[in-house]
Number of protein chains: 2
Amino acid sequence: MSLVVVGSVALDTVETRTETRERILGGAACFVSVTASHFTDVKLVGVIGQDFPREHLQMLEGRGVDLEGLECSEGQTFFWHGRYADDFSTRTSLSTELGVFADFHPDLPPAYREAQTLFLANIHPALQSHVCRQMSHARLIAADTMDFWIEGEPKALREMLGLVHLLTINDEEVRLLAGEHNMVKAARAVLTMGPRALVVKRGEHGALLFTGDEIFALPALPLSRVVDPTGAGDTFAGGMMGYLDGVDTVDPASMRIGVAYGTAAASFTVSDFSLDGLCRATRTDLDERVENLRRLTRF
Amino acid sequence: MSLVVVGSVALDTVETRTETRERILGGAACFVSVTASHFTDVKLVGVIGQDFPREHLQMLEGRGVDLEGLECSEGQTFFWHGRYADDFSTRTSLSTELGVFADFHPDLPPAYREAQTLFLANIHPALQSHVCRQMSHARLIAADTMDFWIEGEPKALREMLGLVHLLTINDEEVRLLAGEHNMVKAARAVLTMGPRALVVKRGEHGALLFTGDEIFALPALPLSRVVDPTGAGDTFAGGMMGYLDGVDTVDPASMRIGVAYGTAAASFTVSDFSLDGLCRATRTDLDERVENLRRLTRF
């Protein structure tokens, strides 16, 4: 089994109440890939500039992430500068420089096209569709998106939705996409647009999984210390997709466990800046935190 | 076993996007009492005016609620008029007329003072303490409160907290009381103020139960139809307290099941105006909805 991950690779400057970290590793595809590497073989598709530090490539290779699909172009790596409110309830983007990511046009290496599982992080929906069409027999294709595309590219978005099996977006995006505030009705509407399953990411309130008429709800792990929430949602997707590819099944029971691994992994990501907390965690740590989730919710 | 419930009995005019209902039965003590009557004997302490419709008294008596502690005074019953936003995300109080509730001074009938369990709905914390001192050997005393008392009566509030075992408030109230945004830290701070256990009500996101170092998290049941959310939090408390008094234990495992019954009961309350949905539900319906919660969260 292997999982192809397509999306941004970035350098982030992150400001929190207590600390500022400059040009640290970020980007949705990095968070997804590193998380999924705990569970399965990962093939990364993205683009970096000539300024991208060699140490990050070494870290990814060291975790077994295949970088044949990571293009290095002339120019600067995608850069994001953000500041979190003291209580992390909101964040402000101070600067976004797309750099080489502005011309990202993902073409998969031939070996990638045979993969069983594909995760499309948040990029233009037309590019997401373009990638879907390159896969020869993917059994599970999942995608993320955001308000910008839902509002600005509705036609391309609907086309993409027709090509994917699982959509992983946040609660406000579900409401926006469906034009409906009630979450159950909104989720049902999204499930008529193409995906067989929908994960609603609710941050500190956990996640909902809609599959047919079944609903699964999992709270987040209550954490006494959050250092940097950047990448939590992508980590969630990486844990879920990595787990599902690793166990080679997509039945609802496995998807529930996948949601639990995604939730567990996200709790490590937010415990430190960049991918530091996630990289320190072992598979055993993830298993233990999934057990914590069982204890948290059992009655 | 029996449960004494102290709090407001009210007539509410409720406006939603689709409908307005005038002078329907409301008040925290009514929601708590009717819910708890599914599980145990309930003794209600409150005050009504001469305008209070006889049919509501008959309904309460019909459910076995002891009304010896319900005083009828000269004047008007507590009246609240509120309007919900179209999506129920906010509500506006258009009118609050305290009426006879302004002079509410709860003195328990002698038979009530022997009860094992007491629930203090949201009233002035000095009155809550006054009631606590009348109980001869209560094993479980729980209280609700609100931002108005947390900010305006901090001394009386802290005194009350020293007399109760369980506090049931919402997430913003926990943060305000603790002066801390992080929920785990805030909850731990509240548990140093007196209560042995804290329930954090999070509306559509469910509830958290903190007991010592243990945390229990339960999502709300995702509902495709909400008619009137008034009384959902009080219903939650009534289900939890009624269940705990009925099973005559207060260990953490029972408290978790109590949270589940509170959550199940609230899903009936919001399905209709006033106590209509709650009154139609049977104990079997509540049991089934608790099973739904198990299926919702199992992985």
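Computed values, structure above
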{"item": "For B:GLU151: the one exception among (1) buried (at least 18 other Cβ atoms within 10 Å of the Cβ); (2) modelled with pLDDT of 95 or more; (3) not aromatic (Phe, Trp, Tyr)", "result": "(1)"}
{"item": "Qualifying positions in segment B:90-138 - in contact with a Lys or Arg (Cβ under 7 Å, 6 or more places away or on another chain) and small (Gly, Ala, Ser)", "result": "B:ALA115, B:SER136"}
{"item": "Matching residues, segment B:188-197, being out of contact with any Ser or Thr (no Cβ under 8 Å at 6 or more places or on another chain) and either at pLDDT below 95 or not in a helix (DSSP H, G or I) (or both)", "result": "B:THR192, B:MET193, B:GLY194, B:PRO195"}
{"item": "Residue in segment A:119-140 that is assigned to a loop (DSSP other than H, G, I, E, B) and among the charged types (D, E, K, R) present", "result": "yes"}
{"item": "The listed residue being surrounded by 23 or more Cβ atoms within 10 Å (Cβ to Cβ), in a helix (DSSP H, G or I) and either within 14 Å of another protein chain (Cβ to nearest Cβ) or of a type in the set (A, V, I, L, M) (or both), out of A:SER254, A:SER267", "result": "A:SER267"}
{"item": "Condition check for A:VAL65: under 19 Å from the mean Cα position of the chain (by Cα) and modelled with pLDDT of 95 or more", "result": "yes"}
{"item": "Residues satisfying the stated conditions in segment A:169-188, i.e. in contact with an Asp or Glu (Cβ under 8 Å, 6 or more places away or on another chain), surrounded by fewer than 19 Cβ atoms within 10 Å (Cβ to Cβ) and at the interface with chain B (Cβ under 9 Å from one of its Cβ atoms)", "result": "A:HIS181"}
{"item": "Filter result (under 17 Å from B:PHE119 (Cβ atoms) and either in a helix (DSSP H, G or I) or in contact with a Ser or Thr (Cβ under 8 Å, 6 or more places away or on another chain) (or both)) within segment B:141-156", "result": "B:ILE141, B:ALA142, B:ALA143, B:ASP144, B:TRP149"}
{"item": "Test result for A:ARG289, within 14 Å of A:GLY239 (Cα to Cα), of a type in the set (Lys, Arg) and part of a helix (DSSP H, G or I)", "result": "yes"}
{"item": "Meets criteria (more than 14 Å from chain B (Cβ to nearest Cβ), farther than 15 Å from A:VAL14 by Cβ, surrounded by 14 or more Cβ atoms within 10 Å (Cβ to Cβ) and not aromatic (Phe, Trp, Tyr)) for A:GLN58", "result": "no"}
{"item": "Residue ID - farthest from the other protein chains (Cβ to nearest Cβ), chosen from residues in segment A:227-251 that are touching a Phe, Trp or Tyr at 6+ places or on another chain (Cβ under 9 Å) and outside any helix (DSSP H, G or I)", "result": "A:GLY231"}
{"item": "Boolean, B:SER224 is part of a helix (DSSP H, G or I), hydroxyl-bearing (Ser, Thr, Tyr) and surrounded by fewer than 22 Cβ atoms within 10 Å (Cβ to Cβ)", "result": "no"}
{"item": "Residue check for B:GLU97: under 30 Å from B:GLY203 (Cα atoms) and among the charged types (D, E, K, R)", "result": "yes"}
{"item": "Output for segment B:90-101, where each listed residue is surrounded by 11 or more Cβ atoms within 10 Å (Cβ to Cβ) and either within 14 Å of chain A (Cβ to nearest Cβ) or of a type in the set (Gly, Ala, Ser) (or both)", "result": "B:GLY99"}
{"item": "Residue among B:ALA28, B:ALA10 that alone is touching a helix residue (DSSP H, G or I) at 6+ places or on another chain (Cβ under 9 Å), more than 15 Å from B:GLY99 (Cβ to Cβ) and in contact (Cβ under 8 Å) with a residue 12 or more places away in the chain", "result": "B:ALA28"}
{"item": "Matching residues in segment A:198-221 - criterion: being more than 9 Å from chain B (Cβ to nearest Cβ), closer than 15 Å to A:LEU293 by Cβ and either part of a helix (DSSP H, G or I) or hydroxyl-bearing (Ser, Thr, Tyr) (or both)", "result": "none"}
{"item": "Residue among B:HIS56, B:HIS105, B:HIS81 that alone is in a loop (DSSP other than H, G, I, E, B) and not aliphatic (A, V, I, L, M)", "result": "B:HIS105"}
{"item": "Residues that are farther than 23 Å from A:ALA207 by Cβ and either touching a helix residue (DSSP H, G or I) at 6+ places or on another chain (Cβ under 6 Å) or among the basic types (Lys, Arg) (or both), drawn from segment A:148-162", "result": "A:GLU153, A:LYS155, A:ALA156, A:ARG158, A:GLU159"}
{"item": "Hits in segment A:270-286 - residues which are in contact (Cβ under 8 Å) with a residue 12 or more places away in the chain and either within 14 Å of chain B (Cβ to nearest Cβ) or farther than 26 Å from B:GLU214 by Cα (or both)", "result": "A:VAL270, A:SER271, A:PHE273, A:SER274, A:LEU275, A:CYS279"}
{"item": "Residues satisfying the stated conditions in segment A:61-87, i.e. within 19 Å of A:ALA28 (Cβ to Cβ) and within 14 Å of another protein chain (Cβ to nearest Cβ)", "result": "A:TYR84"}
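Each row is one residue, and each column tells you yes or no for (1) in contact (Cβ under 8 Å) with a residue 40 or more places away in the chain; (2) under 18 Å from the mean Cα position of the chain (by Cα).
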| residue | (1), (2) |
| --- | --- |
| A:SER93 | no, no |
| A:LEU98 | no, no |
| A:GLU114 | no, no |
| A:ALA121 | yes, yes |
| A:LEU140 | yes, yes |
| A:ASP147 | no, yes |
| A:GLU151 | no, no |
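Conditions tested, residue by residue: (1) touching a Pro at 6+ places or on another chain (Cβ under 9 Å); (2) aromatic (Phe, Trp, Tyr); (3) closer than 27 Å to B:ALA138 by Cβ.
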{"site": "B:ARG21", "(1), (2), (3)": "no, no, no"}
{"site": "B:PHE31", "(1), (2), (3)": "no, yes, yes"}
{"site": "B:ALA36", "(1), (2), (3)": "no, no, yes"}
{"site": "B:VAL47", "(1), (2), (3)": "yes, no, yes"}
{"site": "B:LEU60", "(1), (2), (3)": "no, no, yes"}
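The values are calculated or read from the model by the stated rules, or taken from the named source; none is laboratory data. Note that the structure is a prediction, hence the values are computed from the model and not measured. Neighbour counts run over all protein chains shown; Cβ positions are idealised from the backbone, glycine included.
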